[in-house]
Amino acid sequence: MVLGGREVMETRRPITPTLQQNDERAQTGIPSLDKIIEGGLARGDTIIVAGQPGTGKTTLGLQFLYHGAVRCNENGVYASVIESGEKLKRNARRFGWDLDRLEKEGKLQLVSLQSTMKAGVSTALETVLEALHSINARRLVFDSLSALMTAFESTAEARSFLHIMLKFLEAANCTTLMISEVPWGKQQLGTNFEEFLGDGLVVLDASFDNSRVRRRIYIPKMRGTEHRLEGYDYYITREGFALAPTPIPPDKIR
Ligand SMILES: Nc1ncnc2c1ncn2[C@@H]1O[C@H](COP(=O)(O)OP(=O)(O)OP(=O)(O)O)[C@@H](O)[C@H]1O
Ligand SMILES: [Mg+2]
């Protein structure tokens, strides 16, 4: 590079082990989040994303898939028990994410499980696996684990079923976000065992702070990753999901 007529050597940072391993990390599409989890999610891992209503679980999931398809050459499936594909597309459009185009290009599939769930949980999961297979997907968002849980007769049945599913996704090297719905005013996440099942846990928390809702993200668990433990404020803007640059000092966390 020439600066002011003088040749300046570009200083290159030494390649750190973290950067060398970046191939094994799936960027989330949220740079401020990737920064605190060693560059992204470990490929093939299943991460539980837990949060109260409206905390941005779906937005985070769509951003992960959109970024994967557009920037990382990784196709993705969004399987929803809750929202229709049309609603997801409409809401995504507000962030400038054209899911229709990605679907047409075969980079994304939105799978609505609303009616399939009635035919049984196996049928629903078969539908998801078929979708993953048909576009050779490397990313999956399942929305939501909580809704899926209600379809099982017992916790034991759910646990063994999920265990098999997670093994399959790992073998397929498919990085997965499993959304878990946390009711207002509850500390416990879902049915109490999914936190253990996943390789990582991301908690999206909303609380009432003075006269506004304060959104904070915590990462209590991320296997094989050196991650930050402090909470970060986060924002959902017209560009999507982003963390505030500085963590919340521990003495400010209530
Ligand atoms: N285009 C947008 N611009 C700014 N903020 C938005 C936009 N779209 C959504 N939001 C914010 O994100 C919130 C909803 O996000 P999202 O649907 O991802 O939450 P969720 O956790 O999936 O909710 P639920 O539990 O109801 O499924 C909205 O309540 C709103 O505050
Ligand atoms: Mg949602």
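The values are calculated or read from the model by the stated rules, or taken from the named source; none is laboratory data. Computed from a predicted structure; not experimentally measured. Quick reminder, even Gly has a Cβ in these numbers, built from the backbone with ideal geometry, and neighbours come from all protein chains shown.
Taking segment 134-187 on its own, how many of its residues are charged (D, E, K, R) and at pLDDT 90 or above?
So the count comes out to 6.
Restricting to segment 206-235, count the residues that are surrounded by 17 or more Cβ atoms within 10 Å (Cβ to Cβ) and either without any contact (Cβ under 8 Å) to a residue 24 or more places away in the chain or within 16 Å of ligand 2 (Cβ to nearest atom) (or both).
So the count comes out to 5.
Note down all Cβ pairs under 6 Å where the first residue falls in segment 44-62 and is in contact (Cβ under 8 Å) with a residue 12 or more places away in the chain and closer than 12 Å to P183 by Cβ, the second is assigned to a helix (DSSP H, G or I) and within 9 Å of ligand 2 (Cβ to nearest atom), and they're at least six residues apart or on different chains.
G51/K57
Quick one: which residue in E24, E7 is at pLDDT below 95 and either over 22 Å from G198 (Cβ atoms) or within 16 Å of ligand 1 (Cβ to nearest atom) (or both)?
E7
Please specify each residue of segment 44-58 satisfying the condition of being within 16 Å of ligand 1 (Cβ to nearest atom), over 9 Å from the mean Cα position of the chain (by Cα) and farther than 11 Å from G200 by Cα.
If the condition is that a residue be within 16 Å of ligand 1 (Cβ to nearest atom), over 9 Å from the mean Cα position of the chain (by Cα) and farther than 11 Å from G200 by Cα, then G51, Q52, P53, G54, T55, G56 are the ones that fit.
Just for segment 40-59: of the residues that are away from ligand 2 (no atom under 16 Å from the Cβ) and surrounded by 19 or more Cβ atoms within 10 Å (Cβ to Cβ), which one is nearest to P247 (Cα to Cα)?
Residue satisfying both the conditions and the ranking: G40.
Are there any pairs, at least 6 apart or on different chains, whose C-beta atoms fall under 7 Å, with the first in segment 93-121 and part of a helix (DSSP H, G or I) and the second of a type in the set (D, E, K, R) and within 16 Å of ligand 1 (Cβ to nearest atom), and if so, which?
Matching pairs, first to second residue: L99/K89; D100/K89.
I'm checking my understanding of the structure. Among residues of segment 32-43 that are touching a residue at least 40 places away in the same chain (Cβ under 8 Å) and outside any loop (DSSP other than H, G, I, E, B), which one is nearest to ligand 1 (Cβ to nearest atom)?
That would be L33.
I'd like the full set of residues that are among the hydrophobic types (A, V, I, L, M, F, W, C) and out of contact with any helix residue (DSSP H, G or I) (no Cβ under 8 Å at 6 or more places or on another chain), limited to segment 211-243.
Hits for segment 211-243 are V213, I219, M222, L229.
Pick from segment 220-243 the residues that are over 15 Å from T55 (Cα atoms) and hydrophobic (A, V, I, L, M, F, W, C): which of them is modelled with the highest pLDDT?
M222
Take E153 and tell me if it is of a type in the set (D, E) and outside any helix (DSSP H, G or I).
yes
Of the numbered conditions (1) within 13 Å of ligand 2 (Cβ to nearest atom); (2) of a type in the set (S, T, Y); (3) surrounded by 19 or more Cβ atoms within 10 Å (Cβ to Cβ), S84 fails exactly one; give the number of that condition.
For S84, the failing item is (3).
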